[in-house]
1. Which of the residues belonging to region 118-130 are open to solvent by less than 30 Å² (accessible area, probe 1.4 Å) and among the hydrophobic types (A, V, I, L, M, F, W, C)?
2. May I ask you to verify whether Arg114 is closer than 20 Å to Ile19 by Cα, surrounded by fewer than 18 Cβ atoms within 10 Å (Cβ to Cβ) and basic (Lys, Arg)?
3. What do you reckon, is Leu21 surrounded by 15 or more Cβ atoms within 10 Å (Cβ to Cβ) and either under 30 Å from Leu144 (Cα atoms) or out of contact with any Cys (no Cβ under 9 Å at 6 or more places or on another chain) (or both)?
4. Find the helices (runs of 4 or more DSSP H) located wholly in region 1-107 whose residues include 2 or more that are among the acidic types (Asp, Glu) and modelled with pLDDT of 90 or more, and list them.
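The values are calculated or read from the model by the stated rules, or taken from the named source; none is laboratory data. Here the structure is a predicted model, which is why all the values come from computation and not from measurement. Cβ atoms come from the backbone with ideal geometry, glycine included; neighbour counts cover every protein chain shown. Ligands, DNA and RNA are excluded from the accessible area calculation, which covers all protein heavy atoms including side chains. Shrake-Rupley method; radii C 1.70, N 1.55, O 1.52, S 1.80 Å.
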Amino acid sequence: MITSAHIDTVFAKIRKNYISLQGITNKDVLLATVLATLLERHATASLLADVQAYFKEDFFSDRTPPIAQIRSLLSHAPKEDQNRFEACIPLFAQKEKKDKATVLQQVSRVDLNRPFALRRLNRLIRVAGALELKSTSKKIQEILDFSRAERINFLEETSVVTLCQLLTRSIIEQSRSTSRSPRGTCGP
């Protein structure tokens, strides 16, 4: 029961303010979301505060954008993350207050503890599978759907394995349909 309650609590916290790419139609909002996810993965608390302060201030202030700080922070990050940041640099040149407010809205949703919460949820799902807590299968199925929609691969994999351990009918049927090969492709 405690594991089930912890799964519910941690998942609710993650889902509440998750920075999602779902439903974005504006290029600037997309770039702001990408910037926010990069900050969530790599930033320190002081750098995050600097970025938020930059987007809170008016364009006419003499504050320099924290681009150099972010670049130095991302110097050891994967090349893909560095390229994503380079695509976000035009956000720091925006002049209109409403545009900066849009970026601030996304950047203010950054939770530096969310990656830890995702890993904690991952461990809790594994515990539920190891203890064979069948009562958690419905919540784990919900987490699986969320992780597929948000493309959180490690959480999706753990959810699938745990649901198989719990012998959940829907996941077993899905695994059967994906593991079957079309007739006539395997031999004569």
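1. We begin by selecting, within region 118-130, every residue open to solvent by less than 30 Å² (accessible area, probe 1.4 Å); these are 118, 121-122, 124-125, 128-129.
Within region 118-130, Leu118, Leu121, Leu124, Ile125, Ala128 qualify.
2. no
3. Working: surrounded by 15 or more Cβ atoms within 10 Å (Cβ to Cβ): no; either under 30 Å from Leu144 (Cα atoms) or out of contact with any Cys (no Cβ under 9 Å at 6 or more places or on another chain) (or both): yes.
No: the conditions fail for Leu21.
4. Working: elements: 2-16, 27-42, 45-56, 67-73, 79-88, 97-107.
In region 1-107, the matching helices (runs of 4 or more DSSP H) lie at 79-88.
Here is a yes/no grid of residues against (1) over 25 Å from the mean Cα position of the chain (by Cα); (2) farther than 19 Å from Asn17 by Cα; (3) modelled with pLDDT under 85; (4) of a type in the set (Gly, Ala, Ser):
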{"residue": "Ala149", "(1), (2), (3), (4)": "no, no, no, yes"}
{"residue": "Val160", "(1), (2), (3), (4)": "no, yes, no, no"}
{"residue": "Arg169", "(1), (2), (3), (4)": "yes, yes, yes, no"}
{"residue": "Ile172", "(1), (2), (3), (4)": "yes, yes, yes, no"}
{"residue": "Thr185", "(1), (2), (3), (4)": "yes, yes, yes, no"}
